[in-house]
Amino acid sequence: DAKTTQPPSMDCAEGRAANLPCNHSTISGNEYVYWYRQIHSQGPQYIIHGLKNNETNEMASLIITEDRKSSTLILPHATLRDTAVYYCIAYHGSGNTGKLIFGQGTTLQVKP
Amino acid sequence: GAVVSQHPSRVICKSGTSVKIECRSLDFQATTMFWYRQFPKQSLMLMATSNEGSKATYEQGVEKDKFLINHASLTLSTLTVTSAHPEDSSFYICSATRGAGGRETQYFGPGTRLLVL
């Protein structure tokens, strides 16, 4: 699976949009971009994933560049409960045999 | 989203004993589950892939005789840490895969914190 690069940490003001970038310049054509987050001492939580089109759900939006070499996760109105480590992973499922390989992620601190 | 549970949530044991951790997919069937380990201030490290009805596949450097994995049904995988030592103290997390193709998603359990004295 392709390696991803994320900034180690970011701050965001409560109520503002949090934009978390991810570079995946070596992503292959059949790899999806997945985002998870981990709140302290809990298991990771699935947020969103996409292949090449932008995606939106009740938690976040995912913007993928046309060349698919980078993406941005957007939390539209960050709250204090969004403080967590956010992981961007390039992943090819391959019939339930694909493995999620976690990097160091971005620690997002939402401040009042 | 889908629900994956783990039991126990935390366990303290003496050095040399074995500890079993259960991972269950509560509202879906999972032919594949994964086991991760996480040390303080580090990212998750994949230990092994648990396949229903067949042997687990272990990542490089993970001792299969120390970390026994059994995936006896489509909703249950167990990880047994045998002859545990203090260096095995860690946060163990499982995940289960739901869906296929572009809708495939791994859902994670809440984790089990193991402390070996």
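Here are some notes:
- Screening B:S43 on (1) over 14 Å from the mean Cα position of the chain (by Cα); (2) more than 13 Å from chain A (Cβ to nearest Cβ) shows it passes everything except condition (2).
- Test: A:T56 is over 20 Å from A:A78 (Cβ atoms), of a type in the set (S, T, Y) and open to solvent by 60 Å² or more (accessible area, probe 1.4 Å): no
- Taken over segment B:95-117, the residue count meeting the criterion of being facing chain A (nearest Cβ under 9 Å) and over 25 Å from A:N30 (Cα atoms) is 4.
- Restricting attention to segment B:1-24, the residues being surrounded by 13 or more Cβ atoms within 10 Å (Cβ to Cβ) and assigned to a strand (DSSP E or B) number 12.
- Taking segment B:45-65 as the range and being closer than 21 Å to B:S83 by Cβ and touching a strand residue (DSSP E or B) at 6+ places or on another chain (Cβ under 7 Å) as the test, the residues that pass are B:M45, B:M47, B:A48, B:S50, B:A56, B:Y58, B:E59, B:V62, B:K64.
- Residue that is nearest to the other protein chains (Cβ to nearest Cβ), among those in segment A:39-50 that are touching a Leu at 6+ places or on another chain (Cβ under 8 Å) and of a type outside the set (A, V, I, L, M, F, W, C): A:P44
- Out of B:T49, B:T112, B:T31, sole residue that is over 25 Å from A:G105 (Cα atoms), out of contact with any Gly (no Cβ under 7 Å at 6 or more places or on another chain) and not hydrophobic (A, V, I, L, M, F, W, C): B:T31
- Filter result (touching a Ser or Thr at 6+ places or on another chain (Cβ under 9 Å), surrounded by fewer than 19 Cβ atoms within 10 Å (Cβ to Cβ) and over 18 Å from B:V4 (Cβ atoms)) within segment B:64-86: B:D65, B:K66, B:L68, B:T80, B:T82, B:S83, B:H85, B:P86
The values are calculated or read from the model by the stated rules, or taken from the named source; none is laboratory data. What you see is a predicted model, and the numbers here were worked out from it, not measured in a lab. Glycine also receives a Cβ, built like all others from the backbone with ideal geometry; neighbour counts cover every protein chain displayed. These accessible areas exclude ligands, DNA and RNA; they are computed on the full protein's heavy atoms, side chains included. Shrake-Rupley method; radii C 1.70, N 1.55, O 1.52, S 1.80 Å.
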